[in-house]
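Structure record follows, encoded as C-alpha cells.
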Amino acid sequence: MVTCEQFDEETLLIAQPNRSASWQLNKLIIFAFAFWWTLIAGFFVWKGLWPIAPFAGIEVGGLAVALYYVCWKLQQRHVLRFQDRQLILQKGAYYPRFTWEFPRDAVALSIEVQPHPWDPLKIFLCSRSEQIPLGNFLNKDDSKKLLALLREQGLHVRNHSELVRLDL
C-alpha cells in the first residue's frame with residue numbers, strides 16, 4: 001500500500017505491506033483454533049488417548065508464533081519525506097530503524113523489471129555512494145504507483161531495463 005500526503009513544506013510518501021488481518025483478528029483466530037483443538041483433544045483424552053493432548057498445545061503455540069511473526073513483518077514501512085532541498089528516507093517497523101538524508105538533486109531512481117509479468121518492479125534510490133531498495137514488499141500495482149509518485153516528486157530514472165521503457 002502506498003500513500004501520499006501533502007503538507008505546507010513537505011510531501012510524505014509511505015510504502016507499507018498490505019495487511020489482510022490485524023493482530024486483534026489474528027488473536028481471535030488463535031483462540032478459535034485453540035478452542036476447537038481443545039475440544040478434539042478432550043474427546044481423545046476422554047477415550048483414553050491422552051498422549052494426543054500435548055500435541056494440541058504445540059499446534060496452538062506454533063500457530064500463535066507463526067501469526068505473530070507474520071504480523072510483525074507486516075509492520076515494516078518506508079517513509080520518504082520530500083522537503084525543498086532535501087530527501088529523508090526512513091525504514092523500520094514501529095519506529096525508524098534506519099535513516100538516510102540526501103540533497104534532493106543528488107538522488108535518482110534505478111529500476112529493474114523482473115522476468116515474470118506478475119513480479120513487481122524493483123525500485124532503488126541511488127546516490128553517489130549508495131543504492132537503497134524501496135518498497136521491496138509491494139505488489140506490482142503498488143510498486144508502479146510508488147514509481148509514479150516518485151517521478152511526480154521530480155526524481156529521475158538514472159538507469160532501467162528495456163522492458164521499463166516499453167511498459168511504463
Condition check for I29: open to solvent by 90 Å² or more (accessible area, probe 1.4 Å) and either touching a Pro at 6+ places or on another chain (Cβ under 7 Å) or in a helix (DSSP H, G or I) (or both): no
Subset of segment 50-92 [in contact with a Pro (Cβ under 6 Å, 6 or more places away or on another chain) and in a strand (DSSP E or B)]: Q90
Restricted to segment 60-90, and to residues that are touching a residue at least 24 places away in the same chain (Cβ under 8 Å) and charged (D, E, K, R), which residue is most open to solvent (accessible area, probe 1.4 Å)? D84
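State whether the residues of segment 33-46 include one that is closer than 30 Å to Y94 by Cα and assigned to a helix (DSSP H, G or I).
For segment 33-46, residues closer than 30 Å to Y94 by Cα and assigned to a helix (DSSP H, G or I): present.
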Restricting to segment 150-168, and then to whatever is open to solvent by 50 Å² or more (accessible area, probe 1.4 Å) and within 16 Å of P120 (Cα to Cα), can you tell me which residue is modelled with the lowest pLDDT? L166
Please tell me if I111 is of a type in the set (V, I, T) and free of Cβ contacts under 8 Å to residues at least 40 places away in the same chain. no
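Kindly indicate whether P17 is open to solvent by 30 Å² or more (accessible area, probe 1.4 Å) and on the phi < 0 side of the Ramachandran plot.
Numbers: open to solvent by 30 Å² or more (accessible area, probe 1.4 Å): no; on the phi < 0 side of the Ramachandran plot: yes.
It is false that P17 is open to solvent by 30 Å² or more (accessible area, probe 1.4 Å) and on the phi < 0 side of the Ramachandran plot.
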Selection count where residues are among the aliphatic types (A, V, I, L, M) and open to solvent by 70 Å² or more (accessible area, probe 1.4 Å), scope segment 50-59: 1
What are the residues in segment 100-149 that are of a type in the set (S, T, Y), within 17 Å of V2 (Cα to Cα) and open to solvent by 50 Å² or more (accessible area, probe 1.4 Å), if any? none
Filtering segment 107-119 down to residues that are out of contact with any helix residue (DSSP H, G or I) (no Cβ under 9 Å at 6 or more places or on another chain) and within 11 Å of L155 (Cβ to Cβ) yields V107, A108, S110
Only one of (1) modelled with pLDDT of 95 or more; (2) assigned to a strand (DSSP E or B); (3) open to solvent by 40 Å² or more (accessible area, probe 1.4 Å) is not met by E5, so which one is it? (1)
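The values are calculated or read from the model by the stated rules, or taken from the named source; none is laboratory data. Here the structure is a predicted model, which means the values were calculated and not measured. Virtual Cβ from ideal backbone geometry, glycine too; neighbours counted across all protein chains shown. The protein model used for the area step is the full one, side chains on, heavy atoms only, and it has no ligands, DNA or RNA in it. Shrake-Rupley method; radii C 1.70, N 1.55, O 1.52, S 1.80 Å.
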